[in-house]
Amino acid sequence: MKRIIPLLLLVIILCGCSVTSTYSGSFFAMDTYMTITVCGNNPEKAVKKAEARVKKLDEAFSAHNKKSGVYKLNKNGSAELEPDAVELLSLALNNYRITDGAFNPAMLSVTELWGFPDKNYKVPSENEIKSAHKNVKPEKITVKNNTVKLNNKGMKIDFGAIAKGYTSDKLIDTLKKEGIKSALVNLGGNVAVLGGKPDGSDWAVAVENPDKKGSYLATLKIRDKSVITSGGYERYFKKNGKVYHHILNPKTGHPAESSLKSVTIVGKNGTYCDALSTALFVMGKEKALRFWAENGLDFDVILYTENGGLFVTEGVSDIINSDFDYKVVKRSDYE
Amino acid sequence: MNKRDFIAIGVVVLLSVLGFVFFALKGSGGQTVKISVGARVYGTYPLSENRELKIKTDAGYNLVEIKNGRVFVKDADCKDKSCVKQGEISGGSIVCLPHKLVVEVTGEGDFDAVAR
């Protein structure tokens, strides 16, 4: 009989999360729809804490909320930012440097010309683009304590291509502090997971097929990772039969023409994954894969090209499941 | 190990499997479509039953159709019509940001989230 109690305990453990519970909370923030799913003791409390954290970060990072430091910075050229925004700015500028400008957090004045922030889409004239584009000089930005100066009239920053990745990292930290060991954070399609699923298996994250909503390029089995996708297929407008998508090439001020449909980055750091998904989309296939070969020890890449080719780097080859024919890219291909 | 140990291990494995199956089946019963507007759940419908839903709120109008195991936004009076452009889904969600409308397919799926 003595053996019964440990055996029952084992049964409970093997049943997974049944002794603790799962809670899912959804809300709108950062111009998107977010869902946080948590398994653990008192998961509702942890989700509420995470939600409050998002709302605070949203206010700190927003370029159009008049209360945010970023808004004031863009309006006046100088402002005190929240510590989170200062940290994010320095991460953004670092990604600008390591991607040789393919990721650029200071393009807002050009993005506004195309009408992407307020959805009043239009094709700006070449002169308009040139005059806004010549002010895009992130090197000039200075940070002292929490006061940021742009030092260049007409330059505006925005964190749209990195804020959700950073936020997911901070949410995972918040949940860990609450003692949570199993969670999924989905910030409008930017996904991060903590640990494995409540039943002990890996989380399964599908990568959307840009050609057909509701179908998928692949499914990835992950734990303690972020999966972040960028593509021109989510936000775009058409004018005179031509498609203009929202990812601008920072070098030209025009939508990036990189012959890629989507770029997915899988890695431990959501901030880095978010910035790189945009940067590698801008770079195009060859440059992107070379960047991965030279820097990609802590991330992997899934590229989908305009002519339907699917390329995955070797680190994800054993966690991917796909109905497509895909090519595994090896680091040794680039030596 | 003696015979009783084997029986004990057998019982543990059996109970675990039963427990797992119970929790896996709990609350399932096919996929459902959950429609919400802001924080309010508008309704939940089986994905297997065809129907048309006219959703009018203060924010605006969306026409959602469930057809042949797929769901899509057929029409809407929002500015960018991004919800209509998102097409048909049988997993994941469609979001109309201006109207704060979310059409979500939940239940048995092959994955837990969609990166996009």
**OP:** Would you be able to say whether some residue in region A:292-305 is surrounded by 16 or more Cβ atoms within 10 Å (Cβ to Cβ), among the hydroxyl-bearing types (Ser, Thr, Tyr) and assigned to a helix (DSSP H, G or I)?
**Re:** no
Subject >> Among the residues listed as A:Leu150, A:Leu175, A:Leu187, the single one being crowded, with 21+ Cβ neighbours inside 10 Å and within 17 Å of A:Thr22 (Cβ to Cβ) >> reply: A:Leu175
Subject >> Residue check for A:Asp211: open to solvent by 10 Å² or more (accessible area, probe 1.4 Å), within 14 Å of another protein chain (Cβ to nearest Cβ), part of a loop (DSSP other than H, G, I, E, B) and over 29 Å from A:Leu108 (Cβ atoms) >> reply: yes
Original post:
Restricting region A:217-276 to residues that are open to solvent by 50 Å² or more (accessible area, probe 1.4 Å) and on the phi > 0 side of the Ramachandran plot, which is modelled with the highest pLDDT?
Top reply: A:Asp224
Subject >> Test result for A:Ala63, of a type in the set (A, V, I, L, M), in contact (Cβ under 8 Å) with a residue 24 or more places away in the chain and in a helix (DSSP H, G or I) >> reply: no
**OP:** Considering each of A:Phe281, A:Phe237 in turn, give the residue that is of a type in the set (A, V, I, L, M, F, W, C), facing another protein chain (nearest Cβ under 10 Å) and touching a residue at least 12 places away in the same chain (Cβ under 8 Å).
**Re:** A:Phe237
Original post:
Given the conditions (1) on the phi < 0 side of the Ramachandran plot; (2) touching an Asp or Glu at 6+ places or on another chain (Cβ under 8 Å); (3) modelled with pLDDT under 90; (4) of a type outside the set (Lys, Arg), and given that B:Val64 satisfies all but one, which numbered condition is not satisfied?
Top reply: (3)
Original post:
Counting just the residues of region A:88-104 that are under 14 Å from A:Ile141 (Cα atoms) and without any contact (Cβ under 8 Å) to a residue 60 or more places away in the chain, which one comes out most open to solvent (accessible area, probe 1.4 Å)?
Top reply: A:Arg97
**OP:** Could you tell me which residue of region A:205-244 is farthest from the chain's Cα centre (by Cα), considering only residues that are more than 17 Å from A:Glu306 (Cα to Cα) and among the polar types (S, T, N, Q)?
**Re:** A:Asn240
Original post:
Where residues in region A:190-199 are open to solvent by less than 50 Å² (accessible area, probe 1.4 Å) and assigned to a loop (DSSP other than H, G, I, E, B), which of them is nearest to A:Cys273 (Cα to Cα)?
Top reply: A:Gly195
Original post:
Among the residues of region B:50-71 satisfying the criterion of being assigned to a strand (DSSP E or B) and open to solvent by 30 Å² or more (accessible area, probe 1.4 Å), which is nearest to the other protein chains (Cβ to nearest Cβ)?
Top reply: B:Arg70
**OP:** Determine whether A:Ser78 is among the small types (Gly, Ala, Ser), open to solvent by 10 Å² or more (accessible area, probe 1.4 Å) and out of contact with any Lys or Arg (no Cβ under 6 Å at 6 or more places or on another chain).
**Re:** no
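Would you say A:Ile162 is facing another protein chain (nearest Cβ under 10 Å), surrounded by 24 or more Cβ atoms within 10 Å (Cβ to Cβ) and within 28 Å of A:Tyr71 (Cα to Cα)?
No; evaluated as a whole, the condition is false for this residue.
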Original post:
Of the numbered conditions (1) assigned to a strand (DSSP E or B); (2) modelled with pLDDT under 90, B:Ser28 satisfies every one except a single condition; which is it?
Top reply: (1)
Original post:
Limited to region A:24-60, what total is found for residues that are in a loop (DSSP other than H, G, I, E, B) and open to solvent by 70 Å² or more (accessible area, probe 1.4 Å)?
Top reply: 3
**OP:** Check whether at least one residue in region A:110-130 is touching a helix residue (DSSP H, G or I) at 6+ places or on another chain (Cβ under 8 Å), of a type outside the set (Phe, Trp, Tyr) and either farther than 24 Å from A:Arg235 by Cβ or assigned by TED's automatic domain parsing to the domain that holds A:Ala288 (or both), and report yes or no.
**Re:** no
Original post:
Here are some residues: B:Lys81, B:Lys100, B:Lys85, B:Lys74. Which one is open to solvent by 30 Å² or more (accessible area, probe 1.4 Å) and within 7 Å of chain A (Cβ to nearest Cβ)?
Top reply: B:Lys100
**OP:** Would you mention how many residues in region A:277-291 are in contact with a strand residue (DSSP E or B) (Cβ under 8 Å, 6 or more places away or on another chain) and open to solvent by less than 10 Å² (accessible area, probe 1.4 Å)?
**Re:** 6
Original post:
Among the residues of region B:92-115, is there at least one that is in contact with a Gly (Cβ under 7 Å, 6 or more places away or on another chain), in contact (Cβ under 8 Å) with a residue 60 or more places away in the chain, within 30 Å of A:Gly196 (Cβ to Cβ) and assigned to a strand (DSSP E or B)?
Top reply: yes
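The values are calculated or read from the model by the stated rules, or taken from the named source; none is laboratory data. From a predicted model like this one, the values you see are computed outputs, not experimental measurements. Methodologically, a virtual Cβ is constructed for each residue, glycine included, from the backbone with ideal geometry; neighbour enumeration extends over all protein chains shown. Quick note on the areas: whole protein, heavy atoms, side chains included, nothing else; ligands and nucleic acids left out. Shrake-Rupley method; radii C 1.70, N 1.55, O 1.52, S 1.80 Å.
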